[in-house]
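Q: This structure is in structure tokens; I'll ask about it shortly.
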Amino acid sequence: MNLIYELVKSEIRKLDKGLCKATGATDEGKKFSLLMLKKLSGYKNSKLKEFYCDGGGDHQIDGIYIVDDSDELQINIISCVFRSNEKPIEDKDVSDLINNGLNYLLLGEENVPDLNERVRNIKNEIDELRRDYEEKYLITVKFISTAETVLSPNGESAFLKYQSELQSKNINLEFEKINNKQISALFSSRTVLKTPMPIKLSGKSYYLLAGKEGFVCRLPV
């Protein structure tokens with residue numbers, strides 16, 4: 001049993017059904033993107049409807065949230081994969097994000113096929129904010145996966161190359177990998193999975209979880 005996958009599914013079931021309908025989050029993958037945007041951004045439903053992008057023509061931009069303060073503008077772009085196996089985000093999806101999603105959003109590339117209308121609308125807002133802040137902004141792409149390995153070596157290498165290219169254009173781009181254990185920590189205030197291997201107690205197998213306060217709980221396999 002993939003405990004973290006099941007934990008996330010239980011959180012997905014708690015999502016507001018009206019919000020899911022309004023945003024078009026109809027399957028578990030899209031609901032996972034909505035769940036992560038809600039958790040990371042702290043946005044209320046009205047903002048989630050505006051900044052949730054997962055769907056046809058999103059080019060791997062599943063959601064965006066903005067932290068706008070007096071010192072620095074932070075633009076956070078999330079790209080999510082929800083699956084029960086350990087397969088990382090596919091290289092072709094990283095390429096799609098770079099060549100279509102990010103090139104449009106950050107560089108104004110117009111030759112992007114079937115572009116999501118929400119991404120278009122968000123770009124207008126981001127462009128205005130970037131002008132206001134001039135160079136005082138940071139863009140962070142958050143790759144999020146329910147697998148332990150988020151990006152393949154090739155996928156990560158391609159993104160590092162793109163990051164370097166943007167930095168030569170004075171665009172501050174960072175990225176973050178959020179894997180299954182980090183997702184578990186986001187949704188669990190008391191327990192974080194410490195080992196993926198079951199232990200044996202009294203002839204039965206258990207998964208061992210260690211709490212932040214130091215206590216231990218055991219879940220049967």
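The values are calculated or read from the model by the stated rules, or taken from the named source; none is laboratory data. None of the values given here were measured: they were computed from a predicted structure. Using ideal geometry, Cβ is built from the backbone for each residue, glycine included, and neighbour counts are taken over all protein chains shown.
Q: Which residue out of D132, D114 is in a loop (DSSP other than H, G, I, E, B) and either out of contact with any Phe, Trp or Tyr (no Cβ under 6 Å at 6 or more places or on another chain) or of a type outside the set (A, V, I, L, M, F, W, C) (or both)? Steps first, please.
A: Details: D132 fails: in a loop (DSSP other than H, G, I, E, B).
Of the residues listed, the single one that is in a loop (DSSP other than H, G, I, E, B) and either out of contact with any Phe, Trp or Tyr (no Cβ under 6 Å at 6 or more places or on another chain) or of a type outside the set (A, V, I, L, M, F, W, C) (or both) is D114.
Q: Across the range 29-61, which residue is surrounded by the most Cβ atoms within 10 Å (Cβ to Cβ) among those that are in a loop (DSSP other than H, G, I, E, B) and acidic (D, E)? Show your work before the answer.
A: Our first condition is that a residue be in a loop (DSSP other than H, G, I, E, B); within the range 29-61, this holds for 42-44, 53-61.
Adding the requirement that they be acidic (D, E) leaves 54, 58.
Values: D54: 26, D58: 23.
Only one residue fits best here, namely D54.
Q: Turning to a different aspect of this structure: Which of the residues spanning the range 139-169 are more than 17 Å from the chain's Cα centre (by Cα) and under 28 Å from E50 (Cα atoms)?
A: Listed by number, the residues that qualify are Y162, Q163, L166.
Q: When you look at I122, is it assigned to a helix (DSSP H, G or I), assigned by TED's automatic domain parsing to the domain that holds Y52, among the hydrophobic types (A, V, I, L, M, F, W, C) and in contact (Cβ under 8 Å) with a residue 40 or more places away in the chain, yes or no?
A: Numbers: assigned to a helix (DSSP H, G or I): yes; assigned by TED's automatic domain parsing to the domain that holds Y52: yes; among the hydrophobic types (A, V, I, L, M, F, W, C): yes; in contact (Cβ under 8 Å) with a residue 40 or more places away in the chain: yes.
Answer is yes for this residue.
Q: Search the range 160-181 for residues being surrounded by 15 or more Cβ atoms within 10 Å (Cβ to Cβ), hydrophobic (A, V, I, L, M, F, W, C) and at pLDDT 95 or above, and hand back the single one that is nearest to N85 (Cα to Cα).
A: Step one: list which residues in the range 160-181 are surrounded by 15 or more Cβ atoms within 10 Å (Cβ to Cβ), which gives 162-163, 166, 171-173, 175, 177-180.
Now restrict to residues that are hydrophobic (A, V, I, L, M, F, W, C): 166, 171, 173, 175, 178.
Subset that is at pLDDT 95 or above: 166, 173, 175, 178.
Details: L166: 33, L173: 29, F175: 23, I178: 16 Å.
Checking each candidate, the answer is I178.
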